[in-house]
Structure formats: C-alpha cells, structure tokens
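Asker: Take a look at this one; I'll ask things after.
The values are calculated or read from the model by the stated rules, or taken from the named source; none is laboratory data. Source: prediction; values computed, not measured. Here the Cβ is made from the backbone with ideal geometry for all residues, glycine too, and neighbour counts use every protein chain on show. Keep in mind that these areas ignore ligands, DNA and RNA; they rest on the heavy atoms of the full protein, side chains included. Shrake-Rupley method; radii C 1.70, N 1.55, O 1.52, S 1.80 Å.
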Amino acid sequence: MTALQKKPESPVAHLSAGDVDAIGRELDAIRQEVLDSRGEDDAAYIRKVIDAQRRIELASRVLLLGSLFPPAWLAGTAGLSIAKILENMEIGHNILHGQWDWMRDPKIHSTTWEWDSASPAEQWKHSHNELHHTYTNVIGKDNDLGYGIMRVDEDQPWHPMHLGQPLWNLINACLFEYGIAAYDLELGAVVAKKETSDPEFRGRLKAVLGKIRRQVTKDYVVHPLLSGLAAPTTLAANLTANVVRNLWSHSVIMCGHFPEGVETFEKSSIEGETRGEWYLRQMLGAANISGSGVLHILTGNLSHQIEHHLFPDLPSNRYAEIAPKVRDLFERYGLTYHTAPLPTQVASAWHKVLRLSLPNDWLASTTPANAPVQVLALCRLATGGPKARRPQQTAA
Amino acid sequence: MTTTFPVRRPTLRVLRDRALRLAELVTTPLLPDDYLDLVAPLRAGADLRGRIEAVEPETRDAATLVIRPGADWAGHRPGQYVRIGVDVDGVRHWRAYSVTSRLDRPDGCIAVTVKAIPDGRVSNHLVHRTRPGTMIRLDQAAGEFVLPEQLPPAALFVTAGSGITPVMGILRNLPAGATDVVVVHSAPSPEDVIFGAELRSLHRDGRIRLVEQHTDTAGLLDPADLARQVADLAERTTWACGPVGMLDSLEEHWASLGLAGSLRTERFRPAVLVTGEGGTLSFTRSGTRLEAGGATPLLDAAEEAGVLMPSGCRMGICFGCVLPLREGAVRDLRTGEITTAAPGDGVVVQTCISAAAGACQIDH
Ligand SMILES: Cc1cc2nc3c(=O)[nH]c(=O)nc-3n(C[C@H](O)[C@H](O)[C@H](O)COP(=O)(O)OP(=O)(O)OC[C@H]3O[C@@H](n4cnc5c(N)ncnc54)[C@H](O)[C@@H]3O)c2cc1C
Ligand code: FES
C-alpha cells in the first residue's frame, strides 16, 4: 500500500467535490438522528455493562482466592480476562471518548474516569482523541500507524532493522498497555531529542509510573497475598489475564487500521480539509470486524471501527444500528467498506506487518522456486549498507 | 438547629483511613465505594442518595414523593428544601424541592411535593412518570425559609400554587397553639389546592385560619385583597412563597408600609430581567467550547454541552455554582450588571444567573 495521494489510480478519483459535500451532509444527518434519539435506553445500557463488568471481576477475584484448585483457576482467569477486556474496551475507551458525557453523571464522565491501563486517562485522551482521531492514518502525524516503531507503508524507506518487526509487533501485543503508555509519553521522541529532564515530561512520566506501580501492586502483590497459599497461582492468573487483555486489544486495534486495503494519507493532503473530506478520510482509513453481538461488546464496538471513526463521540451501542446506513452510503458512492471476520482481519494485518518488514515487493515476488535467490538478495540488501538499498528504494 | 458531632478519637480516624487506603490498593483504579454501591447504595459513607418509596397523587398535576434518604442524611428544618438529582431521558438534572413531611415519620422517610409545570422537564417526569424503587441523588437540606427558634406571637403565610410546599412542611411540624397562624393561599380552583383537604381540616380544628383565593373566579391575589382579608397584617411576621409576580408585589407593598423587615420570601426561580447578546463560552480544563445565548445561564448552556458543572439552587442564592471567570464578560440576568475579567483578576461568578456577554472563559 502507499499513501492515497501517490496511488496511480485513486479510489476517490470518481468523486466530485459536490459528491464529497453530499457524503458529509448524509453522515451529519445519520449523526443527528442518533443524537435526537439518545436517551434512557442508552443510559441503561452503559450502566448495565459497568455493573456486569464489576460483578464479573468481583466473582473472578473471589474464585481466584481458591486458585490452587485448577477449575477455580481456569474459571477465575477466564472471568478476569473478560472483565479486564470489558473494562478497557466497551467501558474505558468509550467513556474516555466522551460518548457518555451527555448523561451528566459524574461517575460515568470522560473528565472523571480512570481505567485499568498503564496510560493515565488524561494522557491517553490527548494522544488518542486529539491526535489519532484528528490525524487518522496521516503518515507522520498519526502515531497509531505503527506506534512509531514499525514500517507501515511502502513509502517509508526499508531498513534491515525492519526485519525484526513481526517480533516487535508480537512483543508489543503482549505488553500492549505499556507500549501505549510509552507512546502517549512520546518516549521515543523525548529520548531521541534528549529532553528527558524536561519538567513537563517528568510530571507525565511520574503519573505513568505511579499508575503502573498501583496496577502492579494490585495484580501482583495484594491480590496474590489475599489468596494466602494460592498466591503463586493467583499471580499467574492475573498475569495471564493481563496478557490476554493486551493481546486482545492489540488485535482489535490492528484490525481497525492495518488490514490490507485501508488507506493512508499524505501530510499535505489534510490542509484545509472540509467536513466532507474529513469524513471521507475516516471512511477510507478504517476497517470493520464482522461477527456476533458478543464480539462487538468485547471489542468495545471497535468492530465498528468505521462508524467509530466517523462519529467517535456517539454511544458505542448505537454503531451497530447505523452501520447498515453507513455501508449503504459507501456502496452508493462506489467506495469499499472493508469488513471481515476477526481471524481474516487479524491475518490480513499480520500479513501486512510481515510484508513491510521486507523490502518492497520482496514477499510478493518470492516463490518456492526462486526462494534461494531471493534470500541471497535479501542478505545482500540487509548487510550492504544504504548504498546497496538505494536502487531498491527508488524502484519501489 | 445545632448539631453536635461525636468527637472521633484521632487514632480511630487514622485506623479507618489506613484501612481505606488498603482497600483502595485492592480496587484501583476504582474505589471501594464503586463496588459497595452495587449492593448498598444507601449506606453511610456513600454519596448521598435516596430511593423513591411511593408516589402519592395530590391534585391532577401534583404528587408527593416519599423518599428514603441514605444513612448520612442529616435531617432538615421545616421549610427547608432538598436538591434532587434525577435522570430524565438518561440525563441527570438537579432541582430543588421543599421538604413537606413531618420530622417524626416512623419510617424515617422524607417527602417532597412536586407540581408539574407546563413543559417542565423534571417536574413532569417526577409527577407523571416516576415509579417507586427509582434511585435519585440528594443533597443535604438547605434554605433559610424557616421559623425562628423564638416563634412570633402571630404569623401570616401567603402562598400560591406549589408555593404551599415549604409552608406545609412548617405547618405539619408546628405544635398546636404554638402561634396564631393565618394562611392565605391562591390556586386556580378548589380542586387545584395542593393539600386542600388537610389545610381545610386544620382550619376546621381551629389550628389555622385559612383564606383561599380561587383565581379562576376571583382573579390574582393583590396586596389590597390581602389587606382586606387579614386586617392585622402589620402585627404578623409574614412568610410568602409563590410566583415571581406575587412575591414582587408583596415586597413592594410591605416596603411601602415600612414593614420590609417582617416579610420573608422563598423564590422557586430567579426573576430574569435583562438579557442581551451571548458569546462563545469556553472551559480551560475540559477544552469545551460552545455558543451560549445571552438569555441562557452559563450553567444551563454548559450542562447542555455535557460539561459537569457544580450547582445548587440554580437561582442565585446558594453560591453552589460559583466558578472563576478567567477572561471575558458575563451579564447578571437579574440586574443586567456586566462583570468582566482579565487573566489574574481572580473574578468568580455565579454561573446559574450569569449569561455570556461576549466571549468568556471559565476555569473549570
Ligand atoms: C428553593 C426552591 C424550592 C422549590 N420547591 C419546590 C417545591 O416544593 N415544589 C415544586 O413543585 N417546585 C419547587 N421548586 C421549583 C423546582 O425546583 C423546579 O424549578 C420546577 O419543578 C420546574 O422544573 P422543571 O424541570 O419541571 O422545569 P424546566 O424544564 O426547568 O422549565 C420549563 C419552563 O418553565 C419555567 N419555569 C421554571 N421553574 C418554574 C416555576 N417554578 N414556576 C413556573 N415556571 C417555571 C422555565 O422558565 C421554563 O420556561 C423549588 C425551587 C427552589 C429554588
Ligand atoms: S446554584 Fe445556587 S447560586 Fe447558583
């Protein structure tokens, strides 16, 4: 893939400025319909999810007090994983988006909520709501694109370092919440610019470390101690639940912007963007996951990533209802609505990670027959320094 | 009322705080309260809530809500009001209602009586659509519309419509013969008199003298009517509660008699006198920006945009809504007075009776 503006055949070439305005108006109307009917049922929904999450977590933690008994360990770990997933996805992510601020309930409000993630709500809201949702898929602006550590686009020069990217991605998946915290801190850039003694950065770092300390104390010290003899097994259960949650949220989020076919954009292309053009970028820059109601809840309705990106502050329980209207709009304007079941999307995203870890076109042009030659060529590229790589890059 | 709190021994408090901090280690990032609320929302130490136990119709557009308050409810003085936070169509609204119940209710509940006003969002919900079992938020009772410790020898209560509520709260708790009481109440018709049967029975028993003015037939009550109906008006300490127009004319009349000091009034809504051009209202902390009309209190405009605002009576008396105005200009809707601020001035404004008068930025 390459940034939309550089493609020989743009997927939006057939749209006139008038079409783009019309798309904007139609989407505004869909949004207004939800705003007008938002009410008691929606409020009851989020309260029910929060209530269920707390009960599942309580029950799981109680079960884990007896985690020496394997069935209790299994059930407790499964329950805790689900509770942690709900807490981060359908509850935390969406409340921090301000999706429920309209209820004016101080207990369920983006300005008061704190979540079970290493990144403090305040910092995450800034990097996610203000940066990622504004600059969705704009290369060089949206850090969610590869979290600043990966090659996510053909246009980025390939470097032998990128060969390790499938491994980094896997490690990032297991430690996802810490990865998010690091990139909300812009740790990489701060270290590179040697700005680690900046007091503002120090303050934010302290907040993150304080949060990590509290989380670690809870999951790896206090709850194991409460289980007495079962301390080691409870610790293992909590560790498992945290890794499961991290892997899950990483997968869901990869599916949102990474599958093949999702577009990226040039920095200069968003200057003076109209409302219609902004909508269009969101439409092209996201992909959905199809599946059951349970899947939608467990992904925090990020399975409706397209709808979420169009309307980040509408209550998540409404995305399913507007999805057919949005899809119809895609079809009428000749745009591709990317959606597929979870395994397909995860595989597609991983395929892209793998493809881009290699020089452009390497994966596509490699067959069992020419594999030895290709591997040799790759070795030459990897060890040959920038000079050896240059012709390959200009060719791409 | 003087309340004495038992002096808790410091060691106990320290122990309790430690226990709480330990419990927070277990529940972080949530608080122990978040889990306790699942099972015991009315317990001591929780945010103050109430459960509606019964909704008793009073007239065709008024009903009494019987509320079981949370364990931390500190009681009230007759005549005071309580603020209620209730969800209407999923949105939390706060309104004040006078407590009408007897202090010695055996079930420990309190009651408020609500009159549904045309287009009123909360009052209609409470009167017509609220079911027993509903949980609401409460604040501690507040308000100065109460009898003094030293009762006056003779009292006059002038009320209209739902303005009878704080007075009923007082009458129900006044020992028989404690003072000589006259109640002048106006309502459109005899059937519209909230607590009509109870007031008439108090009159029959000689505990009060009740004068009813039915405005459908006799027109609005004016001070001249009152002077005719209550000859010894000047000798009485007077409490009045009702629509803005009635209270304004009473205050004027009492002042003209040189009796301003012996009249207390309770207002249910501020008298909005002056409006003007609005402006852009922004909040430093949340970053929210919105266009606020020149006739809309900042409080309403901000809440409409989903900003969590501190509030109290919503009519300019309790100062529960005060926030720093960092920069810009606001207009007092009651007087038209313009307040301006520049960064560093440290100006604070009551958001419930101030509207934007141009761009303004609130530190919140
Ligand atoms: C100290 C205090 C004590 C109160 N005690 C009681 C009580 O015991 N019983 C009771 O029924 N109400 C009482 N009120 C009034 C109550 O708080 C609400 O203002 C009232 O129920 C209307 O709310 P609403 O949401 O239904 O109307 P809203 O939706 O807020 O208003 C709808 C329309 O009605 C107008 N309006 C607002 N308030 C009034 C009013 N009081 N009379 C006429 N028009 C109005 C508004 O300007 C608006 O145009 C008290 C108010 C205060 C400040
Ligand atoms: S809310 Fe009471 S003064 Fe504003």
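Asker: Report, by residue number, each residue of the range B:54-64 that is touching an Asp or Glu at 6+ places or on another chain (Cβ under 8 Å) and assigned to a strand (DSSP E or B).
Answerer: B:59, B:63, B:64
Asker: So which residues in the range A:172-222 are under 20 Å from the mean Cα position of the chain (by Cα) and of a type in the set (D, E, K, R), if there are any at all?
Answerer: A:177, A:184, A:186
Asker: Hey, another quick one. Out of the residues in the range B:237-251 that are within 16 Å of the chain's Cα centre (by Cα) and open to solvent by 30 Å² or more (accessible area, probe 1.4 Å), which is farthest from residue B:296 (Cα to Cα)?
Answerer: Here the answer is B:243.
Asker: Another question, if that's okay. Report the residue count in the range B:330-351 for those that are in a loop (DSSP other than H, G, I, E, B) and either within 16 Å of ligand 1 (Cβ to nearest atom) or under 27 Å from residue B:84 (Cβ atoms) (or both). Outline the logic, then answer.
Answerer: Residues of the range B:330-351 in a loop (DSSP other than H, G, I, E, B): B:333-337, B:342-346, B:351.
If we keep only those that are either within 16 Å of ligand 1 (Cβ to nearest atom) or under 27 Å from residue B:84 (Cβ atoms) (or both) too, we end up with B:333-334, B:351.
Total satisfying the criteria: 3.
Asker: With the structure loaded, tell me whether residue B:327 is more than 11 Å from ligand 2 (Cβ to nearest atom), loosely packed, with under 15 Cβ neighbours inside 10 Å and assigned to a strand (DSSP E or B) or whether it fails that test.
Answerer: no
Asker: Would you mention how many residues in the range A:86-103 are outside any helix (DSSP H, G or I) and away from chain B (no Cβ under 14 Å)? Walk me through how you get there before you give the answer.
Answerer: Within the range A:86-103, the first condition is being outside any helix (DSSP H, G or I), and the residues that meet it are A:97-100.
In the following step, the residues that additionally are away from chain B (no Cβ under 14 Å) were identified as none.
Here the count works out to 0.
Asker: Further, regarding this structure: When residue B:149 is evaluated against the numbered criteria (1) assigned to a loop (DSSP other than H, G, I, E, B); (2) under 30 Å from residue B:251 (Cβ atoms); (3) modelled with pLDDT of 95 or more, which criterion, by number, is the only one it fails?
Answerer: Exception for residue B:149: condition (3).
Asker: Still on this structure: Among the listed residues B:355, B:329, which satisfies the condition of being at pLDDT 90 or above, closer than 30 Å to residue A:314 by Cα and of a type in the set (Gly, Ala, Ser)?
Answerer: One residue alone meets the criteria, B:355.
Asker: Now a separate question. Residue B:121: away from ligand 2 (no atom under 16 Å from the Cβ), touching a residue at least 12 places away in the same chain (Cβ under 8 Å), farther than 30 Å from residue B:44 by Cβ and assigned by TED's automatic domain parsing to the domain that holds residue B:55, yes or no?
Answerer: yes
Let's see how each residue does on (1) open to solvent by 30 Å² or more (accessible area, probe 1.4 Å); (2) in a strand (DSSP E or B):
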{"residue": "B:12", "(1), (2)": "yes, no"}
{"residue": "B:19", "(1), (2)": "yes, no"}
{"residue": "B:22", "(1), (2)": "yes, no"}
{"residue": "B:25", "(1), (2)": "yes, no"}
{"residue": "B:29", "(1), (2)": "yes, no"}
{"residue": "B:34", "(1), (2)": "no, no"}
{"residue": "B:45", "(1), (2)": "yes, no"}
{"residue": "B:51", "(1), (2)": "yes, yes"}
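Results for (1) away from every other protein chain (no Cβ under 14 Å); (2) among the small types (Gly, Ala, Ser); (3) free of Cβ contacts under 8 Å to residues at least 24 places away in the same chain, shown as yes or no for each residue.
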{"residue": "B:11", "(1), (2), (3)": "yes, no, yes"}
{"residue": "B:19", "(1), (2), (3)": "no, yes, yes"}
{"residue": "B:29", "(1), (2), (3)": "no, no, yes"}
{"residue": "B:52", "(1), (2), (3)": "yes, no, no"}
{"residue": "B:66", "(1), (2), (3)": "yes, no, no"}
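Asker: It is to be established whether one or more residues within the range B:265-288 are more than 12 Å from ligand 2 (Cβ to nearest atom), without any contact (Cβ under 8 Å) to a residue 60 or more places away in the chain, open to solvent by 30 Å² or more (accessible area, probe 1.4 Å) and more than 19 Å from the chain's Cα centre (by Cα).
Answerer: Looking through the range B:265-288, at least one residue is more than 12 Å from ligand 2 (Cβ to nearest atom), without any contact (Cβ under 8 Å) to a residue 60 or more places away in the chain, open to solvent by 30 Å² or more (accessible area, probe 1.4 Å) and more than 19 Å from the chain's Cα centre (by Cα).
Asker: Taking into account only those residues within the range B:307-324 that are buried (at least 18 other Cβ atoms within 10 Å of the Cβ) and more than 16 Å from ligand 1 (Cβ to nearest atom), which is farthest from the chain's Cα centre (by Cα)?
Answerer: Going through the qualifying residues, I end up with B:307.
Asker: With the structure loaded, tell me whether residue A:354 is in a helix (DSSP H, G or I) and either open to solvent by less than 30 Å² (accessible area, probe 1.4 Å) or touching a helix residue (DSSP H, G or I) at 6+ places or on another chain (Cβ under 6 Å) (or both) or whether it fails that test.
Answerer: yes
Asker: Identify, by number, the condition in (1) within 16 Å of ligand 2 (Cβ to nearest atom); (2) of a type outside the set (Asp, Glu); (3) buried (at least 18 other Cβ atoms within 10 Å of the Cβ) that residue B:254 doesn't meet.
Answerer: With (1) within 16 Å of ligand 2 (Cβ to nearest atom); (2) of a type outside the set (Asp, Glu); (3) buried (at least 18 other Cβ atoms within 10 Å of the Cβ) applied to residue B:254, the lone miss is (1).
Asker: On to the next question. Starting from residues that are open to solvent by 60 Å² or more (accessible area, probe 1.4 Å) and either within 11 Å of chain B (Cβ to nearest Cβ) or among the hydrophobic types (A, V, I, L, M, F, W, C) (or both), keep the ones in the range A:60-85 and report whichever is nearest to the chain's Cα centre (by Cα).
Answerer: A:82
Asker: Do you know which of the residues in the range B:119-149 that are in contact with a strand residue (DSSP E or B) (Cβ under 7 Å, 6 or more places away or on another chain) and polar (S, T, N, Q) is farthest from ligand 1 (Cβ to nearest atom)?
Answerer: Filtering the range B:119-149 for residues that are in contact with a strand residue (DSSP E or B) (Cβ under 7 Å, 6 or more places away or on another chain) and polar (S, T, N, Q), the one farthest from ligand 1 (Cβ to nearest atom) comes out as B:134.
Asker: Then there is this: For the range B:82-99, what are the residues that are closer than 20 Å to residue B:54 by Cβ, touching a Gly at 6+ places or on another chain (Cβ under 9 Å) and near ligand 1 (Cβ under 7 Å from one of its atoms)?
Answerer: B:95, B:98
Asker: Suppose the filter is of a type outside the set (Phe, Trp, Tyr) and under 24 Å from the mean Cα position of the chain (by Cα); does residue A:228 pass it?
Answerer: Criteria not met by residue A:228.
Asker: Can you tell me how many residues within the range A:3-45 are part of a helix (DSSP H, G or I), more than 14 Å from chain B (Cβ to nearest Cβ) and among the hydrophobic types (A, V, I, L, M, F, W, C)?
Answerer: Total satisfying the criteria: 8.
Asker: Just give me the residues in the range B:85-113 being away from chain A (no Cβ under 14 Å) and within 16 Å of ligand 2 (Cβ to nearest atom), in sequence order.
Answerer: Across the range B:85-113, the qualifying residues are B:96, B:97, B:98.
Asker: Shifting gears a bit: Which count do you get for residues in the range B:108-144 that are open to solvent by 20 Å² or more (accessible area, probe 1.4 Å), within 16 Å of residue B:96 (Cβ to Cβ) and among the hydroxyl-bearing types (Ser, Thr, Tyr)?
Answerer: Within the range B:108-144, residues that are open to solvent by 20 Å² or more (accessible area, probe 1.4 Å), within 16 Å of residue B:96 (Cβ to Cβ) and among the hydroxyl-bearing types (Ser, Thr, Tyr) number 0.
Asker: Going residue by residue through the range A:318-333, is there one that turns out to be of a type outside the set (A, V, I, L, M, F, W, C), closer than 21 Å to residue A:128 by Cβ and in the same structural domain as residue A:125 (by TED's automatic domain parsing)?
Answerer: The answer is yes, given that some residue of the range A:318-333 is of a type outside the set (A, V, I, L, M, F, W, C), closer than 21 Å to residue A:128 by Cβ and in the same structural domain as residue A:125 (by TED's automatic domain parsing).
Asker: All but one of (1) surrounded by fewer than 20 Cβ atoms within 10 Å (Cβ to Cβ); (2) within 11 Å of another protein chain (Cβ to nearest Cβ); (3) not in a loop (DSSP other than H, G, I, E, B) hold for residue A:131; state the number of the condition that does not hold.
Answerer: (2)
Asker: Among the listed residues B:62, B:116, identify the single one that is within 16 Å of ligand 1 (Cβ to nearest atom) and touching a His at 6+ places or on another chain (Cβ under 8 Å).
Answerer: None of the others qualify; the one that does is B:116.
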